[in-house]
């Protein structure tokens with residue numbers, strides 16, 4: 001199955017390099033060829049409009065997670081966390097450790113969320129559209145951008161710059177260019 005998934009992804013990537021595609025998610029099954037053709041025919045106008053909208057574009061996915069090495073900075077900059085750490089040192093115990101851990105986790109998530117909002121403000125103007133992705137545990141941002149193919153390097157350079165500038169608050173990860181999974185719509189081929 002992993003080989004099939006990789007083959008599916010590679011096929012879509014190759015097709016997307018040649019022009020717009022309506023990517024079907026891996027594992028989509030039709031009862032038979034006639035049912036598939038009937039569905040495609042019934043939605044032909046929608047599919048053609050989507051292909052025109054996607055023409056010349058790629059998808060770039062951006063995720064933001066709390067930076068893994070920012071604990072020292074949180075302890076330095078967050079008075080409430082410092083206070084809880086001192087309390088835990090003075091009166092060690094399970095409850096003090098839990099309160100400290102929760103405060104640290106909250107501070108890390110808040111910093112990553114704010115950095116994620118900054119990333120959105122800066123990257124959104126470089127894209128035609130943005131689509132919020134599904135919630136991913138630990139991510140404060142999971143958004144895909146529909147980027148003009150001829151601007152994808154500019155978009156990537158901006159994302160890399162943002163990742164470097166905010167590395168103490170957020171770990172920014174991006175994937176792309178990808179086939180435009182997030183922009184085909186629920187009734188499209190990817191739905």
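The values are calculated or read from the model by the stated rules, or taken from the named source; none is laboratory data. Worth saying up front: this structure is predicted, and the values here are computed from it rather than measured. Using ideal geometry, Cβ is built from the backbone for each residue, glycine included, and neighbour counts are taken over all protein chains shown.
Residues in region 103-126 that are without any contact (Cβ under 8 Å) to a residue 40 or more places away in the chain and over 14 Å from the mean Cα position of the chain (by Cα): 103, 104, 105, 106, 107, 110, 121, 125, 126. Under the condition of being in contact (Cβ under 8 Å) with a residue 12 or more places away in the chain and either over 21 Å from residue 179 (Cα atoms) or part of a helix (DSSP H, G or I) (or both), the residues counted in region 15-25 number 2. Taken together, 88, 64 contain a single residue that is assigned to a strand (DSSP E or B) and either within 15 Å of the chain's Cα centre (by Cα) or surrounded by 12 or more Cβ atoms within 10 Å (Cβ to Cβ) (or both), which is 64.
Listed here are the residues, each with its yes/no results for (1) in a loop (DSSP other than H, G, I, E, B); (2) surrounded by 15 or more Cβ atoms within 10 Å (Cβ to Cβ).
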site: 10; (1), (2): no, no
site: 27; (1), (2): yes, no
site: 35; (1), (2): no, no
site: 41; (1), (2): no, no
site: 48; (1), (2): no, no
site: 60; (1), (2): no, yes
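Among the residues of region 53-94, write down those that are more than 20 Å from residue 106 (Cβ to Cβ) and touching a residue at least 24 places away in the same chain (Cβ under 8 Å). Passing the criteria: 53, 54, 55, 56, 57, 58, 59, 60, 61, 62. The requirement of being outside any helix (DSSP H, G or I), within 23 Å of residue 13 (Cβ to Cβ), out of contact with any helix residue (DSSP H, G or I) (no Cβ under 7 Å at 6 or more places or on another chain) and touching a residue at least 24 places away in the same chain (Cβ under 8 Å) is not satisfied by residue 131.
From the list 100, 108, 123, exactly one residue is in contact with a helix residue (DSSP H, G or I) (Cβ under 8 Å, 6 or more places away or on another chain), surrounded by 12 or more Cβ atoms within 10 Å (Cβ to Cβ) and closer than 15 Å to residue 182 by Cβ. Which is it? Answer to the check: 123. Of the numbered conditions (1) in a helix (DSSP H, G or I); (2) farther than 23 Å from residue 168 by Cβ, residue 106 satisfies every one except a single condition; which is it? Going through the list (1) in a helix (DSSP H, G or I); (2) farther than 23 Å from residue 168 by Cβ, residue 106 breaks only (2).
One line per residue, one yes/no per condition, for (1) surrounded by 14 or more Cβ atoms within 10 Å (Cβ to Cβ); (2) assigned to a strand (DSSP E or B); (3) on the phi < 0 side of the Ramachandran plot; (4) modelled with pLDDT under 90:
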{"residue": "136", "(1), (2), (3), (4)": "no, no, yes, yes"}
{"residue": "139", "(1), (2), (3), (4)": "yes, no, yes, yes"}
{"residue": "144", "(1), (2), (3), (4)": "yes, yes, yes, no"}
{"residue": "157", "(1), (2), (3), (4)": "no, no, yes, no"}
{"residue": "160", "(1), (2), (3), (4)": "no, no, yes, yes"}
{"residue": "186", "(1), (2), (3), (4)": "no, no, yes, yes"}
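Residue count for region 12-25, restricted to those that are in contact with a helix residue (DSSP H, G or I) (Cβ under 8 Å, 6 or more places away or on another chain) and surrounded by 13 or more Cβ atoms within 10 Å (Cβ to Cβ): 4.
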